[in-house]
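In what follows, a single structure is set out as structure tokens and then discussed.
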Amino acid sequence: MTQVTPPVFHDRNSHITDLIIPCVDVTGGRTQTPSGIPGLPDPSDAVAVAVSYADDGANKLFVDVIDPWERVDDYLPPLLRRLRGTGLSLLVSVGHGVVPSADHIGRLLEAGADVVSASTSMVEAPEVVKEAVNRYGGDRFNIVINSRPRETGGWAAYTHNGTRKTSVDSVELARELGRLRVGALLPNAVDREGVGQGYDLALTRAVAEASGLPVIASGGCGTLEHLTEALRKGRATYVLVNSMVHSGKFSIARIRSSLMAASPFT
């Protein structure tokens with residue numbers, strides 16, 4: 001039986017020391033690229049990276065498993081159990097947010113995930129996600145909305161890690177998910193990933209306002225100022241950081257101190 005744990009996500013004003021969610025990309029049980037964090041005994045060991053984030057003050061970790069479900073059975077459950085030992089709350093995505101069935105979600109939760117992330121299946125098979133939400137509770141889900149701007153205005157939702165365009169409007173999807181009361185939304189600006197020019201603040205703000213849910217800004221962060229802008233102008237509740245910390249350019253502690261100095265964000 002899946003153990004019931006307290007909610008992972010909170011409102012903007014109750015978690016001022018818990019704003020940063022580092023992300024680690026995993027394939028074959030190891031990080032997709034070696035980390036540049038100083039002092040790691042093995043820079044491709046996902047657990048060693050997670051320990052460094054936890055020691056630096058992080059409370060959550062987004063575990064983005066690139067491999068499809070059929071390739072993770074051998075390594076993912078034991079990896080999640082090891083990651084649980086870091087004390088971090090685990091947000092887990094498999095195969096670009098594909099959810100084959102509610103039973104698959106249950107297996108992740110039993111292995112140690114606190115929250116399961118869905119994206120592709122929320123668009124292509126929403127009934128599967130809704131069944132899982134009804135079974136395990138909305139607070140155990142984080143929905144990623146991979147988005148690109150449309151020439152006519154607004155944003156279109158994309159599936160399969162942002163490679164396939166759909167006719168689904170990102171903000172309308174956010175509004176629907178608000179009614180479903182999932183734990184949090186992660187509007188990811190696909191065109192900005194890895195660019196380091198800042199989040200799409202208009203997208204983040206529109207999703208937050210339409211859904212009324214905690215929102216995790218994602219896609220494009222490169223400076224400490226970008227993080228503050230996401231929380232203030234983008235109305236984000238959390239900020240996702242990946243390459244800026246995985247590369248070793250910034251530490252979680254430095255980011256946390258910067259955000260604390262810039263608060264409040266209202």
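The values are calculated or read from the model by the stated rules, or taken from the named source; none is laboratory data. These numbers come from a predicted model, not from an experiment. When we count neighbours, we look across all protein chains shown, and the Cβ atoms used for this are built from the backbone with ideal geometry, even at glycine. Side chains included, ligands, DNA and RNA excluded: accessible areas come from the protein's heavy atoms. Shrake-Rupley method; radii C 1.70, N 1.55, O 1.52, S 1.80 Å.
Annotations for the structure displayed:
- Spatially proximal lysines relative to K60 (Cα-Cα < 25 Å; intrachain offsets below 8 disregarded): K130, K233, K249
- Solvent-accessible area of E110, all protein chains in place: 120 Å² (probe radius 1.4 Å, heavy atoms, ligands and nucleic acids excluded).
- Whole-number percent relative contact order across segment 148-266, with pairs defined as alpha carbons under 8 Å at least 6 apart: 19 percent
- Within the accessible area of the chain (1.4 Å probe), percent carbon and sulfur: 47 percent
- Heavy atoms of R205 accessible to a 1.4 Å probe, total area in Å² rounded to 10: 80 Å²
- Normalised per residue, the accessible area of the chain is 42 Å², obtained with a 1.4 Å probe and no contribution from ligands, DNA or RNA.
- Normalised contact order of the chain, rounded percent, pairs of Cα under 8 Å and 6 or more residues apart: 18 percent
- Fraction of beta bridges assigned by DSSP in segment 14-146 that are antiparallel (%, nearest 5): 10 percent
- The dipole here belongs to the chain: it is taken about the Cα centre, uses +1 on the Cβ of Lys and Arg and -1 on the Cβ of Asp and Glu, and is about 500 debye.
- Rounded to the nearest 10 Å², the accessible area of E209 at probe 1.4 Å: 130 Å²
- R0 of 35 Å, Cβ-Cβ distance A253-S167: FRET efficiency to nearest 0.05: 0.20
- Residues whose amide H lies under 5 Å from that of S89, counting only those 5 or more places away or on a different chain, are K60, L61; hydrogens are built 1.01 Å from N in the peptide plane.
- Low-density loop positions, trypsin sites (Lys or Arg not before Pro), segment 109-170 - DSSP coil, at most 12 other Cβ in 10 Å: R150
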